[in-house]
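Visitor: Below is a structure I'd like to ask you about.
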Amino acid sequence: MTATFWWLVTSEWMQAIAAGLALASMIVAVVGRWVPGIKVYAGVARVVSYVALLVLGLGIGFRSADESAALRQTRTDLAFTRLQLETQRQTADVAKKLRTDALAEAAAANEKVTDYETWLQDRPAGCGCAFDDDDVKRLRDIAR
């Protein structure tokens, strides 16, 4: 209910109505001093003009405060979004570096495997399956 009240009070139409009512009642209050037919309403018109000015002032004040808070919140959201974007850029840079390092390690491991395959092909065919300590050492070096 409160939100509806402030929405109604701060709406442009209500502020225009309050301004028009304040102006009209001020005119009646001032002119009422000299015109005998509306002199009776001059006091009431003065009170109505003060109330209308009060409502208009409160509406404008609340609206400007509300817009200021919304602007502040938008600035905070923008700063947070920029922070997230910078974090994502840094994460992407780190991921790119890690990918490059992983590709380099994979290429080095592939080169070790290719060297070992070449070394195995150069061995004489009649050796059979005679692994010695050097073969085991070379296989362990490939895994590192």
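Visitor: Go through the residues of segment 100-114 one by one and say whether even a single one is assigned to a helix (DSSP H, G or I), out of contact with any His (no Cβ under 6 Å at 6 or more places or on another chain), at pLDDT below 85 and not hydrophobic (A, V, I, L, M, F, W, C).
Guide: Yes: one or more hits.
Visitor: Residues to consider are Ala45, Ala22, Ala16; find the one that is part of a helix (DSSP H, G or I), of a type in the set (A, V, I, L, M) and under 35 Å from the mean Cα position of the chain (by Cα). Even if it seems obvious, please write down each step before you answer.
Guide: Details: Ala45 fails: under 35 Å from the mean Cα position of the chain (by Cα); Ala22 fails: under 35 Å from the mean Cα position of the chain (by Cα).
Of Ala45, Ala22, Ala16, the one residue that is part of a helix (DSSP H, G or I), of a type in the set (A, V, I, L, M) and under 35 Å from the mean Cα position of the chain (by Cα) is Ala16.
Visitor: Now for a different question. For Arg75, which of the numbered conditions (1) over 30 Å from Arg138 (Cα atoms); (2) of a type in the set (D, E, K, R); (3) at pLDDT below 90 fails to hold?
Guide: (3)
Visitor: Contact list please: Cβ distance under 8 Å, first residue in segment 64-80 and under 16 Å from Ser11 (Cα atoms), second residue at pLDDT below 90 and among the polar types (S, T, N, Q), pairs at least six apart or on different chains.
Guide: Asp66/Thr10
The values are calculated or read from the model by the stated rules, or taken from the named source; none is laboratory data. Quantities reported herein were computed from a predicted structural model and do not represent experimental measurements. FYI the Cβ positions are ideal-geometry reconstructions off the backbone, even for glycines, and counts take in every protein chain you see.
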